[in-house]
1. From the Cα trace of the chain, what convex hull volume per residue do you get, rounded to a whole Å³?
2. Might you tell me the accessible area per residue for the chain, computed with a 1.4 Å probe and given in Å²?
3. Determine the dipole magnitude for segment 1-67: charges of +1 sit on the beta-carbon of Lys and Arg, -1 on that of Asp and Glu, nothing else is charged, the reference point is the Cα centre, and the result goes in debye to the nearest 20.
4. Hey, any idea what % of the chain's accessible area is carbon plus sulfur with a 1.4 Å probe?
5. Which is farthest toward the positive dipole end of segment 1-128 among V13, L35, F60, measuring Cα position about the Cα centre, with Cβ charges +1 (Lys, Arg) and -1 (Asp, Glu)?
6. With each label point set 7 Å from Cα along the Cα-Cβ vector, what nm distance links T6 and E97?
7. Top mean-square fluctuation among P110, P78, P86, Gaussian network model of the chain, C-alpha springs under 10 Å?
8. Whole-Hz Karplus ³J(HN,Hα) for segment 69-84, in order, using 6.51 cos²θ - 1.76 cosθ + 1.60 and θ = phi - 60°, x for Gly and Pro?
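The values are calculated or read from the model by the stated rules, or taken from the named source; none is laboratory data. Small disclaimer: the values here were computed from a predicted structure and weren't measured. Quick reminder, even Gly has a Cβ in these numbers, built from the backbone with ideal geometry, and neighbours come from all protein chains shown. SASA here: full protein model, heavy atoms, side chains in, ligands and nucleic acids out. Shrake-Rupley method; radii C 1.70, N 1.55, O 1.52, S 1.80 Å.
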Amino acid sequence: MRAKITYFVTAAVLVVYFVLVGSRGVLLVQRGTWLTVAFGAAVLILPVIGVWFLWKNTRFVTRANRLAAELDAEGGLPVDDLARTPGGRIDRDAADEVFALRRAETEDSPDDWRCWFRLAGRTLRSPGTAREFRRARGSR
């Protein structure tokens, strides 16, 4: 829940920023000289790019959460039972074992999104496995 609140607060701050920057761009365009119109147009592009980026990220998160909920309903979400160091970090050897298992599962069923979802989820939480995930994804 904390992540959602943080996301929405950050998105709201960005929207306010986009409005402020956009209003400055409009003011520059209204001045009417060729220089201020050029600067105003350049300034107006920034909020457009920002809104597009925010929209794409929001869609991605929404779809990823929907897939996670579907996988959870099927009982397919992996349980995080990896060995931990005394400091609370995931043990690298245990993570490598699970990664090898998930990678083999994904190589056996490369068209199954569930396998890729579990592999990506394990990779994001495991130490030093992002490179291996990218390599597995590229060999698809």
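1. Values: hull volume 23.7 nm³, N = 140.
Each residue corresponds to 169 Å³ of Cα convex hull volume.
2. Spelled out: the 1.4 Å probe surface of the chain, per residue, equals 73 Å².
3. Working: 8 positive and 0 negative charges, 71 e Å.
For this selection, approximately 340 debye.
4. Taking all protein chains in place, the chain shows 64 percent carbon and sulfur surface.
5. Farthest towards the positive end: L35.
6. Each label point lies 7 Å from its Cα, and together they span 3.1 nm.
7. Among P110, P78, P86, the largest mean-square fluctuation in the Gaussian network model of the chain belongs to P86.
8. 5, 5, 5, 5, 5, 7, x, x, 6, x, 8, 8, 10, 6, 5, 10
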